[in-house]
Each structure stands twice: as structure tokens, then as C-alpha cells.
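Below is one structure; the comments refer to it alone.
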Amino acid sequence: MMRSPRAAPVTPAKSGVQGYGDERHSLGPGFRRDDDKKQRRNAALFLFAAAATLLLCAAPAEIFAAPRKKARKAAESGAGEAAEFARYAKRVKELSRSHQRVQLDEKPVLEILQLNGVLGSAAERTGTGTGFRPFQVRVYSGLYRWPLRAGIVSSEFGRRWGRRHEGLDLAADAGVPVLAAAAGTVLYAGGGLRGYGNVVILRHDQKTTTLYAHNQALLVQPGQHVAAGEQIATLGSTGHSTGPHVHFEYRVRNRAVDPRKKLIANRYWRKA
Ligand SMILES: [Zn+2]
């Protein structure tokens, strides 16, 4: 086969995510229209050979790691995470293309926070709202964990391309679990925030919230209580996004803070 293993992604395209090898399935114009039997048999042979090559060349990590992964899972809980990270580390370049280049306007997020009484002082309120609403937890004192089991930081918090980036972008495979960074209550779960795709906002205490954007599917409802580490969504590429990743924000009242300042240091995570 002519295909070089380098040209194919390590993970087989299974979710139809844009830019992840869709072009491989195209056989070229006029291929199917040929009625000649020989041609059809050749096509079948070609397809079989192509599929076999792809399986062997493109996804050895996926196929051959599965039994080992299971054994490791049983042995130690952290080992599965390490294996998952090792898999992502091999694909840093591919995953780091998941930079979300469109600036997300934080206005709809602030509106949600205001409606739910997270923005405390009058100066922080920009329009009509319900104002301050006390939350059952005054100050959340627990740890904040990373919202994915493993992944690559594809974009840091702060300025990029001359614009502000209010969160941290964590790239991984589409469909992996997105986890609550800390215990809290679901303030928002839906697709109504322009650019953010399917988004979840959690409230952790009087003034602290976290946000998880671009999800594939949402698994929680507004008002629901979630535990730290509980799955709230599956990772996706909805809204203004160029590849599967979660855009993660940590906010104190209306101000976005670098999530790295709150998340526990983890050697599995690094800048792409
Ligand atoms: Zn982002």
C-alpha cells in the first residue's frame, strides 16, 4: 500500500469530526458508477486491503493496547489515565490543531451568572437581573480537578492573537467524559450561548463558577447537584471550534481566572 503510516491519524475516524481523516473514505469520481464486474471485484479487494492497512498502520495503539489497558485498570486506577495521556502525547500536534481561533464573547456567560445571582455588587450588574442570590456553600474549600481524565492543553488562558482567551483549551478524543472540576450545582446546561456550543456552567460556592464549552452531549440538567469528578458531558467540537476540545473557564463572580492557578498540578498535562 502506498499509504504511509505517518499520514494517517492514530485514532480511526469514528465520529465524523471535521478534519479528522474524512478524506480517506473518498474513492474518487466515477468509481462506483463502473458496472464492470472485474472493476467491482477490484474495488472490493482494494477496500479490503485499504481497511486492513488502515487497521494495521493507523491504529495499532488502539487495537493492541486494549487488553493491556484493561489489566492495568484492574491493577491501579491512575495507570489507565497514564496510558490515555501517553496516547495523546503521541498526537500532540494533531490535537493542538484544536485551537479555537474564534473569540468567544463572554457576554452571554455573564448574563447567565447575573440571572442566577452570582454577580454580587451593583457595579458588576450590567442590566436587569435578580441580583445577589445566596448559595448554600459560602466558600468551596475542596480541590479543583482537571475536567478530563487525560488530554493536551492546546491553548493557554490569556491573550492570543491579540484577543483575550478566558479559559484553558484541553484537547482529547471526541466522546471522552467531561468531568465536574468540583462539587456544585448546574447553573446552565444547553446550547444557547453563542459560540460556546453545548455548554455546562457549574456553581461551586457563593461566587465561584466553572464552565465547560463545545461538548458533544450534555448529561446534566439545570438545578442538578454534581459531585467532584462526576461526568457532566461528552467532549465534542460544537459551537465555534475547530477540533474536539473542552474550553474550560474558572470564574470568580464575573472575572475569569487562569484555571491553572486553581487546578492541582498534574504531570500528565503539558503545553502543546
Ligand atoms: Zn477556548
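Every number in this text was worked out from the coordinates using simple rules, so none of it is lab data. These numbers come from a predicted model, not from an experiment. Neighbour counts run over all protein chains shown; Cβ positions are idealised from the backbone, glycine included.
For the reader, a short list of remarks on this structure follows.
- In order along the stretch 174-188, the Karplus-derived 3J(HN,Hα) couplings, from 6.51 cos²θ - 1.76 cosθ + 1.60 at θ = phi - 60°, round to 4, x, 6, x, 9, 10, 5, 5, 7, 5, x, 10, 6, 7, 8 Hz, and Gly and Pro are given as x.
- Estimated FRET transfer efficiency (residue 255, residue 219; beta-carbon r; R0 41 Å; 0.05): 0.90
- The stretch 107-261 - percent relative contact order, Cα under 8 Å, separation 6 or more: 24
- Taking each residue as 0.36 nm, the span from residue 45 to residue 89 lengthens on full extension beyond its C-alpha to C-alpha distance by 12.4 nm.
- Were the residues from residue 228 through residue 194 laid out at 0.36 nm apart, the gain over their Cα-Cα distance would be 9.5 nm.
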